[in-house]
Amino acid sequence: MAMQVGSHRFEGERESIYNLIPKIQERPPKPTMYRSNFSTNVRQEVKTNKQSSKTMGPPKVALTGPKEFLAKHSKEPRLPEKTGFKYPDHDTRRPPVPKHDEKPLMGLRSNKDHIKTNAVENIMSVPRKPEKKFADTRAGATHPLDPSGLTPKYVNKKDFGKTPAYLERRKAEVERAQKEYDAYVQERFRQGAMKSLTENERQGILDGLKKNWEELHHQYQGLSVVTDTAPKKARKERMEAEMKQLERDIETVEKHKVIYIANPF
């Protein structure tokens, strides 16, 4: 069907009066708006931390009344009212000296002659010794002698030249310990459980120890200078330990002249 000009008929469309009614366009439904799970917490925090006039100052300022204005000399310091001055010890002070025209009442009178009393006291008094001083400059500057350390104060003490008490106690303790030890040794000798080495036996033990040390030292001198293997190192350390032990034994025997040995049972 051909299209006719001035008509509402088109090709492929049937003519109908309903075509003249405007059609309402149907819009697709909007998707659901996104809401965060923390929106409630955020609103609560905003309400909690919100304060009125936090950054812009107070919303209302009280105005000064018309009768409240800065008067002249209102800020100058005000002195307290004048009062009569009294010293802190006014009540305990002695009365003032009477004037020349006043006749105060005299108290008890004494017949003591103060001039003679003072003269007798000065005649009978012992003169004071002058303070000891020393001069340390050419101009004669003097200083007290006692605190200078130049006087032998220590030799004037009562306990000078005597043995201190703590040394006496220490000496008594050492003597008591030595007596107890001697008694113990005598008791062991009496029981036959101990005997003392003679001087020949002691010298023989000392010579044997020295001979062993010399032989070991001779072997030590023959060791290789380079200890590049474990056996060489171990042998060197063992010989050094044996030599140190022999040296300690020789020192012990030489230090003690009397040596006690226990008899095996």
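The values are calculated or read from the model by the stated rules, or taken from the named source; none is laboratory data. Since this is a predicted model, take the numbers as computed values, not measurements. Positions of Cβ are backbone-derived with ideal geometry, glycine not excepted, and every protein chain shown enters the neighbour counts. Ligands, DNA and RNA are stripped out before the accessible areas are found, and what is left, the full protein with its side chains, is counted by its heavy atoms. Shrake-Rupley method; radii C 1.70, N 1.55, O 1.52, S 1.80 Å.
Tell me, yes or no, whether segment 210-223 has at least one residue that is assigned to a helix (DSSP H, G or I), hydrophobic (A, V, I, L, M, F, W, C), over 30 Å from residue 132 (Cβ atoms) and modelled with pLDDT of 90 or more. Write out each step before concluding.
Taking segment 210-223 first, the residues assigned to a helix (DSSP H, G or I) are 210-221.
Narrowing the set further to residues that are hydrophobic (A, V, I, L, M, F, W, C) leaves 213, 216.
So of that shortlist, the ones also over 30 Å from residue 132 (Cβ atoms) come out as 213, 216.
Subsequent filtering for residues that are modelled with pLDDT of 90 or more retains 213, 216.
The answer is yes, given that some residue of segment 210-223 is assigned to a helix (DSSP H, G or I), hydrophobic (A, V, I, L, M, F, W, C), over 30 Å from residue 132 (Cβ atoms) and modelled with pLDDT of 90 or more.
A quick yes/no check of all residues on (1) modelled with pLDDT under 90; (2) open to solvent by 100 Å² or more (accessible area, probe 1.4 Å); (3) of a type in the set (Ser, Thr, Tyr); (4) not in a helix (DSSP H, G or I):
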{"position": "93", "(1), (2), (3), (4)": "yes, yes, no, yes"}
{"position": "101", "(1), (2), (3), (4)": "yes, yes, no, yes"}
{"position": "138", "(1), (2), (3), (4)": "yes, yes, no, yes"}
{"position": "161", "(1), (2), (3), (4)": "yes, no, no, yes"}
{"position": "167", "(1), (2), (3), (4)": "no, no, no, no"}
{"position": "180", "(1), (2), (3), (4)": "no, yes, no, no"}
{"position": "183", "(1), (2), (3), (4)": "yes, no, no, no"}
Checking residue 157 against (1) more than 54 Å from the chain's Cα centre (by Cα); (2) among the basic types (Lys, Arg); (3) farther than 26 Å from residue 248 by Cβ: exactly one of these is not met. Which one? (1)
Quick one: what pairs do we get from segment 229-246, first residue open to solvent by less than 80 Å² (accessible area, probe 1.4 Å), second assigned to a loop (DSSP other than H, G, I, E, B) and among the hydroxyl-bearing types (Ser, Thr, Tyr), C-beta under 7 Å, 6+ apart or different chains? 236/227
Can you pull out every residue in segment 189-217 that is without any contact (Cβ under 8 Å) to a residue 40 or more places away in the chain and within 58 Å of the chain's Cα centre (by Cα)? 212, 213, 214, 216, 217
Scanning segment 247-256 for residues that are free of Cβ contacts under 8 Å to residues at least 40 places away in the same chain and touching a helix residue (DSSP H, G or I) at 6+ places or on another chain (Cβ under 8 Å) gives 247
Would you say residue 89 is surrounded by 10 or more Cβ atoms within 10 Å (Cβ to Cβ) and either farther than 30 Å from residue 260 by Cβ or touching a Leu at 6+ places or on another chain (Cβ under 9 Å) (or both)? no
